[in-house]
Amino acid sequence: MAQAPKFIGAPIKRRDDPRLIQGLAHYVDDFNPPGTLHMACARSPYGKANIRSVDVSKAAAADGVVAVYTHEETKGIGPVPVGAVLPDAKVPVQPILADKQVLFAGEPVVAVIAETRYGALDAAALVEIDYEPLDAVVDLEAAIEPGSTKVHDDYESNEAFKWGLAGGDVEAGMKEADVIVKEKMTNVRVAPLALEPRGVLAHYLPGEDKMTLWTSTQVPHKVRTLVAGQIGMPENRMRVIAPEVGGGFGSKLNIYREEALAAFVTRELGVPIKWVESRSENFLTTIHGRGQVGEIEMGLKRDGTITAFRYNVLADCGAYYQLLTLAIFTLTGLMLPGPYKIDNIEMNATGVFTNKVATDAYRGAGRPEATYILERMMDIAAVELGMDPVEIRRKNFPDKSEFPFGTSAGLSYDSGDYHLALDRALEAADYPAMRAQQEEARNDGRYLGIGFSTYVEICGMGPSAALGGQGWESARVRVEPTGKATVFSGASPHGQGQQTSFAQIVADGLGIDANDVTVVHGDTDVVPYGVGTFGSRGTVVGGSAVVYARDKVRAKMAKFAAMEFEADANDIDFEDGKVFVRGAPEKSAGFADIAMMAYSAIALPEDTDPGLEETHFFEPSNFTFPFGTHIVLVEVDPETGDVEILRYVAVDDVGNMINPLLVHGQIHGGIAQGTGQALEEEMLYGEGGQPLNASFMHYALPKANRLPRFELLHTTTPTDVNPLGAKGVGEAGTIGSTPAVVNAVIDALSPFGITHIDMPLRPEKVWRAIAEKRA
Amino acid sequence: MIPASFDYVRPQSLEDALARLGEHGDDARVLAGGHSLLPVMKARLADPAVLVDIAGIEGLSGISESEGGIRIGAMTTHAEIEASGLVQEKCRSLAEAAGAIGDLQVRNRGTLGGSLAHADPAADYPAAVLAAEAEITVAGADGERVVGADDFFTGTFETALGAGEILTSVRISAPAARGGSAYLKAAQKASGFAVCGVAARLALDADGAVESIRVGVTGVAATAYRATSVEEALTGSAPSAESIRKAAAGAGEGVDALDDFYAGADFRRHLAGVYAARAIGKAWIRASGK
């Protein structure tokens, strides 16, 4: 671009907002083709049970019921796809409908198809399944004990896999240490809980032999390839549409049983089949996140220098794998050194089957776990060494001159200035004043705490080779004959706002107004094959594809303009809706006039075809590594255990920002979600494997009234991994916030001698920790 | 989830509503604001054949002054009670309890009568009506009768309401010249229901001694209760922060407390003491005009 950007970097409001706020958006459930039948599933109420028999006669005879499916009728459907692989991992086959056994509460056994949703649900309740309840195992540590109740009868134990990562020499590092601090920590299982639950509408047209599948997903093309494969249909006969998607947080980066089931049934019956998940089903059958219990050892010199870090961890898989179950904890390993120079590092992970729904990617996906244990350990070490939490962090930061910075986990951090982000945060928080406030409060018998998290995360997933394939993203940019521009993105945003930011990117490059750019995504018949939106990659990878596609179109337009003005294409510039010869303003035409030239094609520049439509598949050369410092001030009421967040200061360096308003939106949501994990969230199960808190009446999502005004600042360290210099922001808030909040609470409780409490820090747990120390 | 199918009637008079209830017996349930009943039906924990919606009956809603106290119609919403100047003036703890319920949407639909009749052990109102010594009017086929708050809550989701009766209004007596009240709660963060909620209403004599005090506790036990030992300990002498704290500790003592994943029984008993002290302290400050 020759001109200074007009739109890139501007805090433009999301163009999705008016339709979302007014209820004018269309989610899966808003589509109702004539003749749609509804699907409901009879699901296991047990964590584990044998199915002695299934009697569907009453359900089949119920009013309005059209068909009933059991395992027998659906066994031809391929199992639920497992995408990530690990050597020697046991890979159980996840059927579409359970056959002889159910392995988690919520597992579907029978699908009922009826004329109405009510009718389908009523009929599903009439299915008679004779279960023989079996012992279930839900506790991660119990499940791996020798002789534990087994999840899968045909495996020797509940060990799903072993996986390790090592860099340097941890044993030597521990020997070198003056102090070794140890702690056992838990990252509990949490539910992603997108506010729009999953849903699918499948419509097969027998005459055209063509199926349309509307599904609430982050990855429409993956759904197409994989679901078409499951039901034995050529993928080019299937069109997958991700309409408005009300949040995903990784939970919709997956292929679920109901998608293949609905696709199978519509092909059998030739009418549209709709299934929309209830919130209860969402809690039970949509993937969960986190689920790690581990022992951490950290060696340090007296001056705070970290000499070694070891994490021996059990990772909760659930009963089956979903798409990326086997990849999540590898991200924990890769990010174990965090923003510190730790030469010797080791992670030993054991995957464990439990009678629960699978774990998989949940906002942050493996990195929050790494950041949490590391940032907690930094505070524990600081207490042990009598250092300030700031000082110990600084001591171990690489200097900005050391970037690209190679870590012992084998990554190369693209760019960073960790000291600067920390400085900025300390200044914004007025750290000395905050400590003084804490001191003063303590003298009044009040317990304030200050928590830090200095984090780095891995984003912009990512180079294809590093991801085991499909790390690229696609985009097509079309300038229409009337001079409007349309972006077709292979990414599949679901609330992030790229309909706005991609328009900003194209508007600047073509010198047109952002309002003249439309962004289309989430329709496999319309956009180029794409990978999807996850891993903070939408803008970083998808937006970069847009940049290149835009520049190709611009270059082509420049040729038409050069022909018109008898000038060199290199001298053509684009600004304010005009195309002109640089330095010769009289040689100027409207952007739309040049666009029309390319489509009328009465005259063509040399070696140039008609039309203005270009596609680019962008392959990044590396991941990106955003970073930052979060500082939290909390007050703990020692009598009630209540935690109140008084201040939240965050400095996030996400590289260049295309739209700071969208960046802030992501950080706001991320902080809230990470705070939820720190303070309240946890999937709880009874001994039989039944969830104890699978409803919004029991499972507390963070609410606005429990959060303070966020004080958000930035430093900007661009990356050279992509043309935008952007690093990604979808998960930063979640990753940075959880340890900062917990660290603040523990700091508040330090007068009681408390050094660690496992999340979530619900009032009772905090109160008990204090009571124990007081006793 | 979606409820099982049911019939719905919307009578226009109390007589008609009572007749409908008589006609359908145990198959019928009264629908007020629907914010307790409908969630239970959606979870299919209840499947009444008939819902008798009393929203169309005139005169069941509204707040008025009554013999120096207040009379509140059963269909008055939490939001109306929270915002009512009259309730704030006469019985601040009731307004505070109303304002502590759920979220704004719930408070705009849920009703005083519906909540009291539902008698959820973690609902906010029971503590407030116990502390306020409210009189609850119920109508039945044989006419009206008045039930004192102390006799109203008989168990978990159980009340003194007889078969086919409808709760029509709640009356709260005039506050004392030097009176004050307050309601405070620890909320379950998901549901907003009380893990522990305490309402205190007290009157001071001219010397500042406690003339009378009532303390209602909800969320802690299977049924809301009065912390009578606390009341007795504080009656007759001028309170201090210390005496309140000491007396209030008894609010949870010996109580057969609820126990769930969010709060164990001992934690609930402990919270009863903490919140009793805070609510009484606040009521005392209000009464003494400090």
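Being closer than 21 Å to B:Glu96 by Cβ and open to solvent by 40 Å² or more (accessible area, probe 1.4 Å) is true for just one of B:Arg145, B:Arg245, B:Arg201, B:Arg214. Which residue is that?
Details: B:Arg145 fails: closer than 21 Å to B:Glu96 by Cβ; B:Arg201 fails: open to solvent by 40 Å² or more (accessible area, probe 1.4 Å); B:Arg214 fails: open to solvent by 40 Å² or more (accessible area, probe 1.4 Å).
The match here is B:Arg245.
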* **Hits in the range A:681-706 - residues which are assigned to a loop (DSSP other than H, G, I, E, B), surrounded by fewer than 17 Cβ atoms within 10 Å (Cβ to Cβ) and more than 9 Å from chain B (Cβ to nearest Cβ)** => A:Gly686, A:Glu687
* Residue under evaluation A:His668, criteria (1) of a type outside the set (Gly, Ala, Ser); (2) more than 27 Å from B:Asp266 (Cβ to Cβ); (3) within 11 Å of chain B (Cβ to nearest Cβ), criterion not met -> (3)
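Taking the range A:456-510 as the search range and keeping residues that are without any contact (Cβ under 8 Å) to a residue 12 or more places away in the chain and assigned to a helix (DSSP H, G or I), which one is surrounded by the most Cβ atoms within 10 Å (Cβ to Cβ)?
Our first condition is that a residue be without any contact (Cβ under 8 Å) to a residue 12 or more places away in the chain; within the range A:456-510, this holds for A:465, A:467, A:469.
Add one more test, that the residue is assigned to a helix (DSSP H, G or I), and what stays is A:465, A:467.
Numbers: A:Ala465: 9, A:Leu467: 18.
So, considering only residues that are without any contact (Cβ under 8 Å) to a residue 12 or more places away in the chain and assigned to a helix (DSSP H, G or I), the one surrounded by the most Cβ atoms within 10 Å (Cβ to Cβ) is A:Leu467.
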* To do: Name every residue in the range A:239-252 that is surrounded by 24 or more Cβ atoms within 10 Å (Cβ to Cβ) and either of a type in the set (D, E, K, R) or closer than 15 Å to A:Val526 by Cβ (or both), in order of residue number.
  => A:Val240, A:Ala242, A:Lys252
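Restricted to the range A:707-727, and to residues that are among the polar types (S, T, N, Q) and crowded, with 17+ Cβ neighbours inside 10 Å, which residue is nearest to the other protein chains (Cβ to nearest Cβ)? Talk me through it step by step, then tell me what you get.
To start, the set of residues in the range A:707-727 that are among the polar types (S, T, N, Q) comprises A:715-717, A:719, A:722.
If we keep only those that are crowded, with 17+ Cβ neighbours inside 10 Å too, we end up with A:715, A:717, A:719, A:722.
Working: A:Thr715: 34, A:Thr717: 37, A:Thr719: 39, A:Asn722: 40 Å.
Among residues in the range A:707-727 that are among the polar types (S, T, N, Q) and crowded, with 17+ Cβ neighbours inside 10 Å, the one nearest to the other protein chains (Cβ to nearest Cβ) is A:Thr715.
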* Asked: So, of the residues in the range A:132-169 that are open to solvent by 30 Å² or more (accessible area, probe 1.4 Å), in a strand (DSSP E or B) and not acidic (Asp, Glu), which turns out to be farthest from the other protein chains (Cβ to nearest Cβ)?
  -> A:Ala166
* Asked: Is it true that some residue in the range A:609-621 is part of a strand (DSSP E or B), crowded, with 22+ Cβ neighbours inside 10 Å, in contact with a Gly (Cβ under 6 Å, 6 or more places away or on another chain) and away from every other protein chain (no Cβ under 14 Å)?
  -> no
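Just to check your reading of the model, which residue among A:Gly406, A:Gly445, A:Gly449 is more than 12 Å from A:Pro339 (Cβ to Cβ), open to solvent by 50 Å² or more (accessible area, probe 1.4 Å) and of a type outside the set (D, E, K, R)?
On the way: A:Gly445 fails: open to solvent by 50 Å² or more (accessible area, probe 1.4 Å); A:Gly449 fails: open to solvent by 50 Å² or more (accessible area, probe 1.4 Å).
So the residue among A:Gly406, A:Gly445, A:Gly449 that is more than 12 Å from A:Pro339 (Cβ to Cβ), open to solvent by 50 Å² or more (accessible area, probe 1.4 Å) and of a type outside the set (D, E, K, R) is A:Gly406.
Within the range A:37-90, how many residues are among the aliphatic types (A, V, I, L, M), assigned to a loop (DSSP other than H, G, I, E, B) and either surrounded by fewer than 17 Cβ atoms within 10 Å (Cβ to Cβ) or within 31 Å of the chain's Cα centre (by Cα) (or both)? Walk me through how you get there before you give the answer.
Within the range A:37-90, the first condition is being among the aliphatic types (A, V, I, L, M), and the residues that meet it are A:37, A:39-40, A:42, A:49, A:51, A:54, A:56, A:59-62, A:65-68, A:77, A:80, A:82, A:84-86, A:89.
With assigned to a loop (DSSP other than H, G, I, E, B) added as a condition, the list becomes A:56, A:62, A:77, A:80, A:82, A:84-86, A:89.
Now narrow it down to the ones that are either surrounded by fewer than 17 Cβ atoms within 10 Å (Cβ to Cβ) or within 31 Å of the chain's Cα centre (by Cα) (or both): A:77, A:80, A:82, A:84-86, A:89.
Of the residues in the range A:37-90, 7 are among the aliphatic types (A, V, I, L, M), assigned to a loop (DSSP other than H, G, I, E, B) and either surrounded by fewer than 17 Cβ atoms within 10 Å (Cβ to Cβ) or within 31 Å of the chain's Cα centre (by Cα) (or both).
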* Asked: When only residues in the range A:640-657 that are under 24 Å from the mean Cα position of the chain (by Cα) and open to solvent by 10 Å² or more (accessible area, probe 1.4 Å) count, which is farthest from the other protein chains (Cβ to nearest Cβ)?
  -> A:Asn656
* Structure fact -> Residue pairs qualifying under the 7 Å Cβ cut-off, at least six apart or on distinct chains, with the first in the range A:263-281 being in contact (Cβ under 8 Å) with a residue 40 or more places away in the chain and the second being assigned to a helix (DSSP H, G or I) and of a type in the set (Gly, Ala, Ser), are A:Ile273/A:Ala262; A:Trp275/A:Ala262
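Residue by residue, here is whether (1) open to solvent by 40 Å² or more (accessible area, probe 1.4 Å); (2) farther than 30 Å from A:Ser501 by Cβ; (3) under 20 Å from the mean Cα position of the chain (by Cα) holds:
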| residue | (1), (2), (3) |
| --- | --- |
| A:Gly676 | no, no, yes |
| A:Val742 | no, yes, no |
| A:Pro751 | yes, yes, no |
| A:Lys765 | yes, yes, no |
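This table checks each residue for (1) at pLDDT 95 or above; (2) open to solvent by 10 Å² or more (accessible area, probe 1.4 Å); (3) more than 18 Å from A:Asp29 (Cα to Cα); (4) more than 14 Å from chain B (Cβ to nearest Cβ).
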{"site": "A:Ser216", "(1), (2), (3), (4)": "yes, no, no, yes"}
{"site": "A:Pro234", "(1), (2), (3), (4)": "yes, yes, yes, yes"}
{"site": "A:Asn254", "(1), (2), (3), (4)": "yes, no, yes, yes"}
{"site": "A:Arg267", "(1), (2), (3), (4)": "yes, yes, yes, yes"}
{"site": "A:Val271", "(1), (2), (3), (4)": "yes, yes, no, yes"}
* To do: Return the pairs, sorted by first residue and then second, in which the second residue is polar (S, T, N, Q) and not in a strand (DSSP E or B), the first residue lies in the range B:182-209 and is within 12 Å of chain A (Cβ to nearest Cβ), the beta carbons are less than 7 Å apart, and the residues are 6+ apart or on different chains.
  => B:Ala186/A:Thr640; B:Val195/B:Gln188
* Structure fact -> Only one of (1) within 14 Å of chain A (Cβ to nearest Cβ); (2) assigned to a loop (DSSP other than H, G, I, E, B); (3) free of Cβ contacts under 8 Å to residues at least 12 places away in the same chain does not apply to B:Gly254, and that is (1)
* Within the bounds of the range B:268-278, is there any residue that is among the basic types (Lys, Arg), facing another protein chain (nearest Cβ under 10 Å) and open to solvent by 20 Å² or more (accessible area, probe 1.4 Å)? -> yes
* Asked: Only one residue in A:Asp576, A:Asp637 is open to solvent by 30 Å² or more (accessible area, probe 1.4 Å) and at positive phi. Which one?
  -> A:Asp576
* To do: Could you give me the residue pairs with C-beta distances under 8 Å whose first residue belongs to the range B:230-247 and is touching a residue at least 40 places away in the same chain (Cβ under 8 Å) and on the phi < 0 side of the Ramachandran plot, whose second residue is of a type in the set (S, T, N, Q) and open to solvent by less than 60 Å² (accessible area, probe 1.4 Å) wherever it lies, and which are 6+ apart or on separate chains?
  => B:Leu234/B:Ser243
* Asked: Looking only at the range B:263-290, which residues are part of a loop (DSSP other than H, G, I, E, B) and out of contact with any helix residue (DSSP H, G or I) (no Cβ under 7 Å at 6 or more places or on another chain)?
  -> B:Ser288, B:Gly289, B:Lys290
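Using the structure shown, decide if A:Ile631 is of a type outside the set (Phe, Trp, Tyr), outside any helix (DSSP H, G or I), farther than 27 Å from A:Met759 by Cβ and more than 14 Å from every other protein chain (Cβ to nearest Cβ). Can you show your working first?
Working: of a type outside the set (Phe, Trp, Tyr): yes; outside any helix (DSSP H, G or I): yes; farther than 27 Å from A:Met759 by Cβ: no; more than 14 Å from every other protein chain (Cβ to nearest Cβ): yes.
No; evaluated as a whole, the condition is false for this residue.
Conditions (1) farther than 30 Å from A:Thr330 by Cβ; (2) hydroxyl-bearing (Ser, Thr, Tyr); (3) not assigned by TED's automatic domain parsing to the domain that holds A:Ile255, marked per residue:
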{"residue": "A:His38", "(1), (2), (3)": "yes, no, no"}
{"residue": "A:Ser44", "(1), (2), (3)": "yes, yes, no"}
{"residue": "A:Glu73", "(1), (2), (3)": "yes, no, no"}
{"residue": "A:Ile77", "(1), (2), (3)": "no, no, no"}
{"residue": "A:Gly83", "(1), (2), (3)": "no, no, no"}
* Asked: Does the range A:8-34 hold any residues that are open to solvent by 50 Å² or more (accessible area, probe 1.4 Å) and closer than 29 Å to A:Val271 by Cα, and which are they?
  -> A:Gly23, A:Leu24, A:His26, A:Tyr27, A:Asp29, A:Asp30, A:Phe31, A:Asn32, A:Pro34
* Condition test on A:Val313, is it closer than 19 Å to A:Glu159 by Cα and surrounded by fewer than 22 Cβ atoms within 10 Å (Cβ to Cβ)? -> no
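Just to confirm my filter: which helices (runs of 4 or more DSSP H) fall fully inside the range B:1-111 and include at least 1 residues that are within 30 Å of A:Val276 (Cα to Cα) and either among the small types (Gly, Ala, Ser) or within 14 Å of chain A (Cβ to nearest Cβ) (or both)? Show your work before the answer.
Numbers: elements: B:14-24, B:37-42, B:78-83, B:85-90, B:92-99, B:104-109.
In the range B:1-111, the matching helices (runs of 4 or more DSSP H) lie at B:37-42, B:104-109.
The values are calculated or read from the model by the stated rules, or taken from the named source; none is laboratory data. Just so you know, these numbers come straight off a predicted model, no measurement behind them. Because the Cβ atoms are built from the backbone with ideal geometry, glycine has one as well, and the counts that use them run over all protein chains shown. Only protein heavy atoms, including side chains, enter the accessible area calculation; ligands, DNA and RNA are left aside. Shrake-Rupley method; radii C 1.70, N 1.55, O 1.52, S 1.80 Å.
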